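The values are calculated or read from the model by the stated rules, or taken from the named source; none is laboratory data. Bear in mind the structure is a predicted one, so any value in this text is a computation, not a measurement. Here Cβ is always computed from backbone atoms with ideal geometry, including for glycine, and neighbour counts include all displayed protein chains. The area values use the complete protein model at the heavy-atom level, side chains included, leaving out ligands, DNA and RNA. Shrake-Rupley method; radii C 1.70, N 1.55, O 1.52, S 1.80 Å.
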Amino acid sequence: MEEVLSSSLYTQQVKKLYKVGELLGLDNETLETLSQPERIIQVKIQIRGSDGKLKTFMGWRSQHNSALGPYKGGIRYHPNVTQDEVEALSMIMTWKNSLLLLPYGGGKGGIRVDPKKLTKEELEQLSRKFIQAIYKYLGSELDIPAPDVNTDSQTMAWYLDEYIKITGNVDFAVFTGKPVELGGIGVRLYSTGLGVATIAKEAANKFIGGIEEARVIIQGFGNVGYYAAKFLSDMGAKIVGISDSKGGVINENGIDVGKAMEIKEKTGSVTNYPEGRKVTNEELLISDCNILVPAALENVINKFNAPKIKAKLIVEGANGPLTADADEIMRQRGIVVVPDILANAGGVVGSYVEWANNKMGQIISDEGAKKLIVDRMNNAFNTLYDYHQKKLEDHDLRTAAMALAVDRVVRAMKARGLL
Ligand code: NAD
């Protein structure tokens, strides 16, 4: 079943590519070559558990396309990781990096493991062994991994240390999302949420008359959702609904984001926020607001609830929160959806700033890094908006975003003689 689901993620991505290819007038040979990763590395990772027993895991790194630069994308640890999933995610990274005009191709990696079942020592062993297995294919000008689901700055520190030990090459720019002491930037922690808020503001200006006093509902109060809420609130928006896996709370007078986080930290859930009405996640998504930011899981807006959504603007904080059916319903209803490959790209833009800073000898301040991220997100939004208006107005923003991204990769491949 998992195999089927993940292969369908890859199939879905290929379908989207072909649809966009048709709009761009690309031939089948071009689309076929664009859909295949350039290299997939599959490795067996064996560790000695703290109980003395051998534990074996499979890991992958998919390097989808390097026409625009070294491969870039995260590495995740999850029991459902498959080769197909990693391939699909690496293709998405190619489009995301292209859309944001980053000097990168697309890559993604993963280990099929439930990290909750490993001790910290076992996780360190697993991480170091993964690098031992794939280090030849990594490098700050070759392939630059970053954290993803269930990996963090500590994982990157183990990766970096192992890479330096094996290669003797003290190059901090091989990994991003590192601890600050190892060349990481403080801004990386909140760069995705900052990017979501920046894009929501630009989109609100264009489509719903501005961000000031706009009523916003955010599903998910984790890294992306919390920081998006915080920055949106700083911009003058009113956060009227938030949620986590236990449920949500609605307060028409506005939720104090800092207080909500304190309550989540103390009690384990935002549902204990004292002022307001408790709701389920299903109710939250269809509650009254101007902007909806799904920032938790994929496929939460689908053909069942799409007709009931009240927001006029949806900004995808999570990856894939709308199904293809929901996309079509939104298009028919005139609800604007800012797609994930733009809306949540602040994370990889933050990674880019960290990489560039490492390459330049750590000369960018936190404020400078923040400005670079905001400017890059704003420019990408405005480029997409203009392109959509001029070339693909009958289609949704997602299709236009992919078309822009694919077109740039194709032009680079042609210039290099690869097509
Ligand atoms: P996180 O684990 O920090 O937070 C996830 C939040 O979603 C938590 O508040 C959790 O309680 C909530 N949640 C879980 N199950 C839920 C459910 N059934 N209903 C409602 N809420 C639920 O994760 P994150 O890093 O904030 O990532 C969220 C999404 O954003 C994911 O799709 C991720 O792939 C995407 N994303 C994250 C980043 C990043 O830099 N963190 C970058 C790009 C995309």
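Each peptide in 245-253, 370-378, 335-343 gets a packing score, the mean of other Cβ atoms within 10 Å over its residues, and the list from highest to lowest is 335-343, 370-378, 245-253. A 1.4 Å probe over all protein chains sorts His64, His78 by accessible area into His78, His64, starting with the largest. Counting only protein heavy atoms and a 1.4 Å probe, the chain has 42 square angstrom of accessible area per residue. When DSSP beta bridges are restricted to pairs lying wholly in the chain, around 50% turn out antiparallel.
Test of understanding: in a Gaussian network model of the chain with alpha carbons linked when under 10 Å, which of Lys230, Lys117, Lys108 would top the mean-square fluctuation ranking? It is Lys117. Extension gain for the segment Asp161 to Glu265, taken as residue separation times 0.36 nm less the Cα-Cα distance, is 34.2 nm to one decimal. Grab the beta carbon distance between Glu32 and Asn253, set R0 = 56 Å, and tell me the FRET efficiency rounded to 0.05. Computed FRET efficiency for Glu32 and Asn253 comes out at 0.55. Cross-link pairs exceeding 21 Å in C-alpha to C-alpha distance, out of Lys16/Lys391; Lys264/Lys308; Lys246/Lys266; Lys55/Lys116, comprise Lys264/Lys308.
Accessible area of the chain with a 1.4 Å probe: how many percent of it is carbon plus sulfur?
Answer for the chain is 49 percent, counting heavy atoms of protein chains only.
Within the range 191-343, DSSP assigns beta bridges of which about 30% are antiparallel (rounded to the nearest 5).
The overall shape of the range 191-343, judged from the alpha-carbon gyration tensor, is prolate: a/c is not under 1.5, and a/b is greater than b/c. With Cβ to Cβ distances under 14 Å as the rule, what net charge do the other residues near Asn253 carry (K, R +1; D, E -1)? Charge balance in the 14 Å sphere: -1. Shown in residue order for the range 283-289 are the 3J(HN,Hα) couplings computed by the Karplus curve 6.51 cos²θ - 1.76 cosθ + 1.60 at θ = phi - 60°: 5, 4, 4, 9, 7, 6, 6 Hz (x for Gly and Pro).
The modelled label-to-label distance for the pair Ala415/Gln42, using points 7 Å beyond Cα in the direction of Cβ, is 3.6 nm.
How high is the FRET efficiency from Lys55 to Glu275, r the C-beta distance, R0 45 Å, rounded to 0.05? It comes to 0.40. Placing unit charges on the Cβ atoms of the charged side chains and taking the dipole of the chain about its Cα centre, the candidate lying farthest along the positive direction among Val180, Met402, Met330 is Val180. Between the range 359-379 and the range 169-243, the alpha-carbon centres lie 15 Å apart. In this simple spin-label model, placing a label point 7 Å from the Cα along the Cα-to-Cβ direction at both Leu189 and Leu297 gives a separation of 2.8 nm. Helical runs assigned H by DSSP (4 residues or longer) give the chain a calculated mean residue ellipticity at 222 nm of -15000 deg cm²/dmol, each run adding -39500 (n - 2.57) before division by the residue total. Placing unit charges on the Cβ atoms only, positive for Lys and Arg and negative for Asp and Glu, gives the chain a dipole magnitude near 340 debye about its Cα centre. With a Förster radius of 30 Å applied to the beta-carbon distance between Ile363 and Gln389, the computed FRET efficiency rounds to 0.20.
Fully extending the segment from Lys136 to Leu24 would add 36.7 nm, taking 0.36 nm per residue of separation and subtracting the current Cα-Cα distance. For the chain, the Kirkwood hydrodynamic radius from C-alpha pairs, put into Stokes-Einstein at 10 °C and a viscosity of 1.306 mPa s, yields a diffusion coefficient of 72 µm² per second. Of the listed pairs Lys206/Lys390; Lys278/Lys310; Lys53/Lys136; Lys206/Lys238; Lys120/Lys178; Lys117/Lys178, which have alpha-carbon separations greater than 20 Å here? Pairs exceeding the cut-off: Lys53/Lys136; Lys117/Lys178.
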